Protein chains: 2
Amino acid sequence: MVTLEDVARLAGVSRSTVSRVINGQPHVRAETKARVLAAVERLGYRPHPIARSLATRRTKVVSMLIPESLTKLFSDQFFAILLQGAVHACNTRGYQMVLALFDDPRRQEELYRQLLQNGYVEGAVVASAAPDDPVIQALREDGIPVVAVGKQPGLPYVDVNNYGGARMATEHLLSLGYRRIATITGPLSHLHVQDRLAGYRDALKAHGIPYEEELVVEGGFTEVGAMAAVAKLLPLRPEAIFVQSDTMAAGVMRALRSHGLRVPEDVAVVGFDDIPLASLLDPPLTTVRQPIRLLGFMAVELLVDLLDGHNPGPRENTVLPVELVVRSSCGITRKQFLEKRSEKPFPVKGET
Amino acid sequence: MVTLEDVARLAGVSRSTVSRVINGQPHVRAETKARVLAAVERLGYRPHPIARSLATRRTKVVSMLIPESLTKLFSDQFFAILLQGAVHACNTRGYQMVLALFDDPRRQEELYRQLLQNGYVEGAVVASAAPDDPVIQALREDGIPVVAVGKQPGLPYVDVNNYGGARMATEHLLSLGYRRIATITGPLSHLHVQDRLAGYRDALKAHGIPYEEELVVEGGFTEVGAMAAVAKLLPLRPEAIFVQSDTMAAGVMRALRSHGLRVPEDVAVVGFDDIPLASLLDPPLTTVRQPIRLLGFMAVELLVDLLDGHNPGPRENTVLPVELVVRSSCGITRKQFLEKRSEKPFPVKGET
DNA sequence: CCTAGTTGTGAGAGCGCTCCCAAGACAGGG
DNA sequence: CCCTGTCTTGGGAGCGCTCTCACAACTAGG
């Protein structure tokens, strides 16, 4: 291994001077700098990050935390895309991303300590978890630099307009003439689930349709959970279902099919997320598109800004816009939809 | 921050002794050990990994490398599940996993150096790449400890029985009476793609069916690529298609549908992978199940064994078995299949 | 021409840990 | 009783880097 010392010797200067050159600090004569750079080049010197970290107490390593409650959802394309965005941000900022899955509930505490207390990891992005998730609690208490994906009280976060998206989806169904609209939600402990539910409810209210509790069923964000939810819902004869994730929507469509019902002829379906799966379903799924990759990207950007000491002071939490993508699972073609919309544009309303 | 020094002072011993206790080394009197442990407990001491790394030249950090050519496939559930297995292995072995996506072809070299040369990363798992991928080349040259997922000449690897799986899938279609069987492959530069193609070809040969090159089309492992492949294939009137990945199979089914063809009545389809998506398709996809999670797990296990110096000597490359999962996209129910199989069991043949 | 300020460079003390080596204490064999 | 060996402990030199401080050299103002 070639060290600073070696470079210094070859260039005929001190270690300090080489260090200054490497780190782009001022107060080095141009000629000296050139000599050092030549030596660096010649020896193929690369700074040793560990040694540097020990001295500076910085590692340039952040982590993406997937709480235990989400770990079984990890094969949802949502996470892959989120991760892609997050890693991309790391790449552009010169950081490394360690992926932490709390896969074993019993070792949760241990893994947490190992990772975050005294670890390589300087800060973390935590994927949308319930506010009472043990990991969230620990993060809040420890005061470790962290950015949450999805609204999280007491933590800086990046979120999408869940309320607006859900409202848009529901309004769309309403505008198509559906009245008896059910919804399948994620776990209600998650704030974004509540926001989406509120959007659904307010859309109904705005159209003078009473909110019926039996039409709201929890699907746990899984395909299987959604199928069970459909079974509960079917006796109530819903005309349409707003489903809080595309993965669940896939389950819904499968369940409807197995009950001999057609989509959208018998029941219309709208999802949320717009993961690649959505357009692969039969029929292609109408859904609320959220900018998942951007979500991951911005979360890391925010975190890195925090760590690098840029943009100090109280920062605004970011809420990204969503967009309704009309396909055919709701009984209307995209073309028809666009024509209709040009008549009466739907305003995207923000929240928070 | 509480250091070894602090603990030593409180326990009334030297730094060395505390270090011995912490690392479970012998030659410490039981009574001394107890005193040290008490001090550790009292102060809440946790060793500083960076400092330790600097001294030992070990970091306990490995990386999962996704070559640039695969990065657009990253939202394929395959990778999420692979990653899950890999991280799980890291968790059990006390390692951290950094996720490296080479998302920018121009910065590939730079990211590689940053990560692997002089980085925190001790070794890497590289996801199934073509042998001539620049990352694979660099890895081979640098002699960095690495385990490949998928056969990789010159590198230790973990693979599945691609040949056997493809052969099984094709034989299954043959046994159902299909004669004109097309196949949609991944990029032929990948060895596992070639293995699967060989399995397909040999199955045909074993049944005395001539191999027709026009029936083999490359689909690039993407949904869109597969749809294009179907368009090419359709004029040739295939009765069945063996598709080299489930994601592509989803594209195939979508394309067939848009051409007004039914699955399996008009064209039978068999996939490969058995990702969760497979059972969500309509009709549910018959496919070759590979133990994806185990693949990721074993790759990390192997790598960590290498790093920790266990099991030295020339180690065998691992080839995991696959299994045919019969659903309904091939025109036969699982029940029918099982009945049929009990008459004439199909032998799973391995390779390599 | 003296002083104050600025620029350029080197010395050296860490950062927190490991690990080699020396040395003291004690045991057992001759 | 001495010598060799084993167990137990402490001292201290690193690991490769950063960063403060001191100091020399040079500039410019009065």
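The values are calculated or read from the model by the stated rules, or taken from the named source; none is laboratory data. Remember, predicted model here, so these are calculated numbers, not experimental data. Cβ atoms come from the backbone with ideal geometry, glycine included; neighbour counts cover every protein chain shown. Quick note on the areas: whole protein, heavy atoms, side chains included, nothing else; ligands and nucleic acids left out. Shrake-Rupley method; radii C 1.70, N 1.55, O 1.52, S 1.80 Å.
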- Yes/no for residue A:227 being of a type in the set (A, V, I, L, M, F, W, C), open to solvent by 30 Å² or more (accessible area, probe 1.4 Å), within 12 Å of another protein chain (Cβ to nearest Cβ) and under 26 Å from the mean Cα position of the chain (by Cα): yes
- Is there a residue in the stretch B:66-75 that is more than 8 Å from every other protein chain (Cβ to nearest Cβ), within 16 Å of DNA strand D (Cβ to nearest atom) and exposed (fewer than 15 other Cβ atoms within 10 Å of the Cβ)? no
- Any residue in the stretch A:47-59 that's assigned by TED's automatic domain parsing to the domain that holds residue A:22 and under 15 Å from residue B:52 (Cβ atoms): show its pairings with residues that are of a type outside the set (A, V, I, L, M, F, W, C) and open to solvent by 80 Å² or more (accessible area, probe 1.4 Å) at Cβ separation under 6 Å, as long as the two are six or more apart or on different chains. none
- Which residues, counting only those in the stretch B:262-317, are assigned to a helix (DSSP H, G or I) and more than 16 Å from residue B:123 (Cβ to Cβ)? B:277, B:278, B:279, B:280, B:292, B:293, B:294, B:295
- Query: Is there a residue in the stretch B:45-60 that is more than 11 Å from DNA strand C (Cβ to nearest atom), within 13 Å of chain A (Cβ to nearest Cβ) and not aliphatic (A, V, I, L, M)?
  - Reply: yes
- Message: Given the criteria within 14 Å of another protein chain (Cβ to nearest Cβ), farther than 25 Å from residue B:51 by Cα, buried (at least 17 other Cβ atoms within 10 Å of the Cβ) and out of contact with any Gly (no Cβ under 8 Å at 6 or more places or on another chain), does residue A:40 qualify?
- Response: yes
- Message: Whether any residue in the stretch B:270-280 is open to solvent by less than 70 Å² (accessible area, probe 1.4 Å), at pLDDT below 95 and of a type in the set (Val, Ile, Thr) is what I want to check.
- Response: no
- List the pairs whose first member sits in the stretch A:223-244 and is in a strand (DSSP E or B), whose second member is among the hydroxyl-bearing types (Ser, Thr, Tyr) and surrounded by fewer than 24 Cβ atoms within 10 Å (Cβ to Cβ), and whose Cβ atoms are under 9 Å apart, counting only residues at least 6 apart or on separate chains? A:240/A:178
- Message: Anything in the stretch A:16-29 that is more than 9 Å from DNA strand D (Cβ to nearest atom) and β-branched (Val, Ile, Thr)? List them, or say none.
- Response: A:21, A:28
- Message: Among the residues that make up the stretch A:52-59, is at least one of them near DNA strand D (Cβ under 8 Å from one of its atoms), among the aliphatic types (A, V, I, L, M) and open to solvent by 40 Å² or more (accessible area, probe 1.4 Å)?
- Response: yes
- Filter the stretch B:142-161 for residues that are not small (Gly, Ala, Ser) and not in a loop (DSSP other than H, G, I, E, B); which is most open to solvent (accessible area, probe 1.4 Å)? B:142
- Task: Answer yes or no: is there a residue in the stretch B:181-190 that is open to solvent by 10 Å² or more (accessible area, probe 1.4 Å), in a helix (DSSP H, G or I) and not β-branched (Val, Ile, Thr).
- Result: no
- So which residues in the stretch A:1-15 are open to solvent by less than 50 Å² (accessible area, probe 1.4 Å) and within 10 Å of DNA strand D (Cβ to nearest atom), if there are any at all? A:2, A:4, A:6, A:7, A:8
- Task: Go through (1) in contact with an Asp or Glu (Cβ under 7 Å, 6 or more places away or on another chain); (2) part of a strand (DSSP E or B) one by one and return the number of the condition residue B:164 breaks.
- Result: (2)
- Return the pairs, sorted by first residue and then second, in which the second residue is open to solvent by 60 Å² or more (accessible area, probe 1.4 Å), the first residue lies in the stretch B:10-21 and is over 18 Å from residue B:55 (Cα atoms), the beta carbons are less than 6 Å apart, and the residues are 6+ apart or on different chains. B:11/B:35
- Item | Any hit, the stretch A:121-135, residues being within 12 Å of chain B (Cβ to nearest Cβ) and open to solvent by 10 Å² or more (accessible area, probe 1.4 Å) | yes
- Message: Within the stretch B:16-28, does at least one residue satisfy the condition of being more than 15 Å from DNA strand C (Cβ to nearest atom) and either away from chain A (no Cβ under 13 Å) or open to solvent by 30 Å² or more (accessible area, probe 1.4 Å) (or both)?
- Response: no
- Query: Residues in the stretch A:81-109 that are assigned to a helix (DSSP H, G or I), within 9 Å of chain B (Cβ to nearest Cβ) and open to solvent by 10 Å² or more (accessible area, probe 1.4 Å): how many?
  - Reply: 6
- Message: Against the definition (among the hydrophobic types (A, V, I, L, M, F, W, C), within 11 Å of DNA strand C (Cβ to nearest atom) and either over 41 Å from the mean Cα position of the chain (by Cα) or farther than 25 Å from residue B:60 by Cα (or both)), how does residue A:40 come out, yes or no?
- Response: no
- Looking for whichever is of a type outside the set (D, E, K, R) and more than 25 Å from residue A:254 (Cβ to Cβ) here; the options are B:268, B:278, B:229. Which one fits? B:229
